[in-house]
Amino acid sequence: MADSIPHSDSGASGLVVAKVISVPFDENTYIFRLADRQDCIVFDPGLQPAAIVKLLDEQGLTPAAILCTHGHSDHIAGNETLKGRWPDAPLVIGRGDASKLTDPVGNLSAAFGFEIISPAADHTVVGGDFYEAAGMKWRVVDTPGHSSGHVSFVIESPDGNTHTVAGDVLFRGSVGRTDFPDGDFETLRESIHSQLFTLPDDTIVYPGHGPTTTIAEEKRSNPFIGAPAGWIEA
């Protein structure tokens, strides 16, 4: 059974965040909304979509968009269910990973013995784009390395706080796997250093697996790409 963990991150910003954790990969689905609105954005619907729908129904929320950081199966498995329930919510993914949605080999589900086929993207994005829905404006940054078309989404809230949905690039004390067919550690490290470590230190990082962290904490202590690995801030 998935855990539903609603919580607020920076109440002054007006952003409210809920998290649903899906087994067996403990993938995080995030639901972002503004405190005074009932429409929302769902990030990376996981393998237990019924738990996501239950949370949305319990809180009276309507998805205005479904955003995917990348096309691996554990981050897209709930797309079909959510699109079936809310067909007007656009499905959005980075252009470089869009083909994985409908390709069980590309999205890695075939390798696990089951085939996941998501609806195709309604809209694709690339680094530098902005995506607006549910009263929020997210900036897209290209963060390849875990997958070739991985993107992260960044929002600067009204009170000055910054939040990033980082998918499987940066975790608390770790980084995403790079042993998949289109993964590459050097590319991943460069993505983190050039795209995420340049965000404000107090940026809250919402990873695809595990607990939230901050950019400052990962700079200081991450053994793969932070100061323990020889990273020095310019």
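The values are calculated or read from the model by the stated rules, or taken from the named source; none is laboratory data. None of these values were measured; they are calculated from a predicted model. Here Cβ is always computed from backbone atoms with ideal geometry, including for glycine, and neighbour counts include all displayed protein chains. We work out accessible area using only protein heavy atoms, side chains counted, and drop any ligands, DNA or RNA first. Shrake-Rupley method; radii C 1.70, N 1.55, O 1.52, S 1.80 Å.
Sort segment 130-174 into rounded, prolate or oblate with this rule: let a ≥ b ≥ c be the square roots of the eigenvalues of the Cα gyration tensor; rounded if a/c is under 1.5, and if a/c is not under 1.5, prolate when a/b is larger than b/c, oblate otherwise.
Oblate.
Please list the non-local residues whose amide H lies under 5 Å from the amide H of D129, H modeled 1.01 Å from N, same-chain partners needing a gap of 5 or more.
For D129, whose amide H was placed from the backbone, the distant partners under 5 Å are V140.
Can you pull the percent of segment 98-161's accessible area that's carbon plus sulfur, 1.4 Å probe, other chains left in place?
Ligands and nucleic acids excluded, carbon and sulfur give 53 percent.
Translational diffusion coefficient, Stokes-Einstein: compute it for the chain using the Kirkwood radius over C-alpha pairs as Rh, at 25 °C and 0.890 mPa s, and state it as an integer in µm² s⁻¹.
Value of D from the Cα-based Kirkwood radius: 141 µm²/s.
Kindly provide the helix-only [θ] at 222 nm of the chain, computed as the sum of -39,500 (n - 2.57) over DSSP H runs of four or more divided by all residues, to the nearest 500 deg cm²/dmol?
About -3500 deg cm²/dmol.
For segment 15-229, what does the accessible surface come to per residue with a 1.4 Å probe? Please give it in Å².
Heavy-atom accessible area per residue stands at 38 Å².
Given H placed on each backbone N at 1.01 Å, which residues far from G167 in sequence or on other chains put an amide H within less than 5 Å of it?
Correct list: G208.
Label-point separation (nm) for R177 and T198, each offset 7 Å from Cα along Cα-to-Cβ?
3.0
If I build a Gaussian network model for the chain, linking alpha-carbon pairs within less than 10 angstrom, which residue out of A89, A51, A111 has the largest mean-square fluctuation?
A111
Counting pairs of alpha carbon atoms under 8 Å apart in space and at least six apart in sequence, what relative contact order in percent does segment 15-229 give?
Computed over segment 15-229, the figure is 15 percent.
In a Gaussian network model over the chain where Cα atoms closer than 10 Å are linked, find which of L47, L170, L108 has the largest mean-square fluctuation.
L108
Length gain on complete extension for the stretch K54 to H123, per 0.36 nm per residue less the alpha carbon to alpha carbon distance?
Contour length minus the Cα-Cα distance gives 22.3 nm.
Taking the alpha-carbon distance from K219 and a cut-off under 19 Å, which aspartates and glutamates remain once sequence neighbours fewer than 8 residues away in the same chain are dropped?
Partners within reach: D168, E186, E190, D201, D202, E233.
Treating cross-link reach as a plain straight distance, find the lysines whose alpha-carbon is under 26 Å from the alpha-carbon of K83, omitting any fewer than eight places away in the same chain.
In chain and number order, the partners are K19, K54, K100, K137.
Determine the principal axes of the Cα atoms in segment 169-230, then give the extent along each, sorted from largest to smallest and rounded to whole angstroms.
33, 24, 19
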